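The values are calculated or read from the model by the stated rules, or taken from the named source; none is laboratory data. These numbers come from a predicted model, not from an experiment. Using ideal geometry, Cβ is built from the backbone for each residue, glycine included, and neighbour counts are taken over all protein chains shown.
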Amino acid sequence: MSTPEPNRVAKGDELPPLQVHLTRADLVRYAGASGDFNPIHWSDRVATGAGLPGVIAHGMLTMAAAGRLVTNWIGDPTALRTFGVRFTRPVVVPDDDEGASVDITGVVGDVTETDGTRVARVDITAKFDGKTVLGRASAEVQLP
């Protein structure tokens, strides 16, 4: 399968993969931007006390990283028509300089045309530590 140019898209085309590295510093910056200061995103004591394996990335931060795969490819964030995911597993971010890596891939699941407007559905896979962290992740983009 090939990497599609947005104006020549076909079902089965793969988007260029994206690897996103998340560190504790990224979580702090996201907390400030989003206003989500839940301590499971910065305190190991609270996170493990809540039954988590450690500090976890904000779900919406992980979702935004997956969305970046699509907007990087299409080149125009305003072309994004719909985007949805289900959170299936947390991204555990260790307190070190390495952080956590999320590997994101996408494939064009369908291309439709209505009244001259072409829309591609992109099925997205996001994995951390070899395991899927987002389920039913897909986006619809208006094609040029």
Review point. How many residues are under 22 Å from Gly75 (Cα atoms) and surrounded by fewer than 17 Cβ atoms within 10 Å (Cβ to Cβ) if we restrict to segment 123-142?
Key: 2
**Study point:** Subset of segment 26-50 [in a loop (DSSP other than H, G, I, E, B) and either under 21 Å from Ala64 (Cβ atoms) or aliphatic (A, V, I, L, M) (or both)]
**Key:** Gly35, Asp36, Phe37, Asn38, Trp42, Ala50
Check your understanding: Can we say Glu113 is within 17 Å of Leu22 (Cβ to Cβ), touching a strand residue (DSSP E or B) at 6+ places or on another chain (Cβ under 9 Å) and acidic (Asp, Glu)?
Key -> no
Practice item. Select from segment 56-86 the residues that are free of Cβ contacts under 8 Å to residues at least 40 places away in the same chain and part of a helix (DSSP H, G or I) and list them in ascending order. Key: Gly59, Met60, Leu61, Ala64, Thr71, Pro77, Thr78
**Study point:** Any chance Ala47 is at pLDDT 95 or above, farther than 19 Å from Val108 by Cβ and touching a Gly at 6+ places or on another chain (Cβ under 9 Å)
**Key:** yes
**Study point:** Qualifying positions in segment 75-128 - closer than 13 Å to Ala57 by Cα and touching a Leu at 6+ places or on another chain (Cβ under 6 Å)
**Key:** Val93, Gly99, Ala100
Check your understanding: Considering only residues of segment 87-122 that are assigned to a strand (DSSP E or B) and hydroxyl-bearing (Ser, Thr, Tyr), which is surrounded by the fewest Cβ atoms within 10 Å (Cβ to Cβ)?
Key -> Thr114
